[in-house]
Every structure is written in structure tokens, then in C-alpha cells.
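K.L.:
I have a structure here, written as C-alpha cells, and I will follow up with some questions on it.
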Amino acid sequence: MAAPLAHEVGGGAAAVGVILAADALGQSAGAIVLSRFAAPPTRLRVMGPLAVASCGVLALFFTQPALAVCVLILVASGLCASYQVAANAAFVRAAPREQRSQVFGLAQGALSLGQGTAMILAGAAAQHHAPERVVAVFGAVGAVVAMAVAVGRGHDRGRPANGRQYR
């Protein structure tokens, strides 16, 4: 999606690189801030809202923003994607110790498959629709899915699935 998006906003190869780097920059900064300044229970509490926001902010692409605004939106999405720090920690704690590597490997494989499938679908959609619209729709759908997961998980009240508390 980076190349068609860059082309649509009037950018070239450098714009593709900036678009690709924006999300990674946000994710890196967000992970550092969340892991450095938020205690584990707080990370768990904000995990759902951050997951929703990481996708939901992409709906701003419906406004067909200029390149600079696209980059800001992608950085913001990446910042919110810091929820993955809490999600990974909770997932590891919930997995039985003797099966953690196997469970984590299966989860990573499923995550990669899901992301790859979404990329293929987004690329196919961009063949028929403006890239900004595709990003916005995928972001909105992602936000709805993240909200459903967060609401479903809400009854845990910030506890890992295995019920153990962080110390």
C-alpha cells in the first residue's frame, strides 16, 4: 500500500520510504514510552483502547490527507500499536511454562499469516479503489474487531488470562 499511497499523494520513492518508516517510528517510540513509564497493570488496562486507536486513527485517511498528514497519522497509529508490548507479555504469562515457545511460535505464525492476508486483500482492493480509502476502511474494520476483542476481554479487569497478578 505504501507505493500506491505515495503516488496518490504526489510523492515518489522517497515518500514510499517515509510512509514505511512512519509506522515503525511510532511503534518504536510507543513501545519505549509504554514499557518505561507504565506499570504492567496499567499496560494491561490501556491495551484495549490502544489497540482500537491504532486501527481507528487510520480512518482519518478518508479525508485524503497530504503526505505530511499521512505520515503523522501513521506515526500516531504506530504509537498506539505499543499495546503489543502488553499483549505479548500477557500472552507469555498465560501460556504454560513448558509450552511457551511452541505456543508463541504458533501465535507468531498465525499473526504473520493474518498480516500477510490483510496485505494481499488491501493490495487487491487498491487495484479498484483509492489507496487512502482502502487504508481507512481496513483501519475502521480493524478498530471494530479490536473493540470486540477488548470488550470481550474486559471482564478480566486487567488480569492475565491465567489469573496471575503482576507484581
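The values are calculated or read from the model by the stated rules, or taken from the named source; none is laboratory data. A quick note: this is a predicted structure, and the numbers were derived from the prediction, not measured. No Cβ is skipped: glycine too gets one built from the backbone with ideal geometry, and neighbour counts run over all protein chains shown. Note: accessible area is taken over every heavy atom of the protein model, side chains too, but ligands, DNA and RNA are not part of it. Shrake-Rupley method; radii C 1.70, N 1.55, O 1.52, S 1.80 Å.
K.L.:
When you go through Leu74, Leu111, Leu60, Leu106 one by one, which is the residue that is modelled with pLDDT of 95 or more and open to solvent by 30 Å² or more (accessible area, probe 1.4 Å)?
P.N.:
On inspection, the qualifying residue turns out to be Leu60.
K.L.:
Another one. Residues to consider are Ala14, Ala22; find the one that is in a helix (DSSP H, G or I) and open to solvent by 60 Å² or more (accessible area, probe 1.4 Å).
P.N.:
Every option except Ala14 fails the conditions.
K.L.:
So the check is Cβ under 6 Å with 6+ separation or different chains; which pairs have a first residue in the range 39-67 that's within 13 Å of Gly142 (Cα to Cα) and in contact (Cβ under 8 Å) with a residue 40 or more places away in the chain and a second one that's open to solvent by less than 30 Å² (accessible area, probe 1.4 Å) and polar (S, T, N, Q)?
P.N.:
So the pair list comes out as Ser54/Ser77; Val57/Ser77; Leu58/Ser77.
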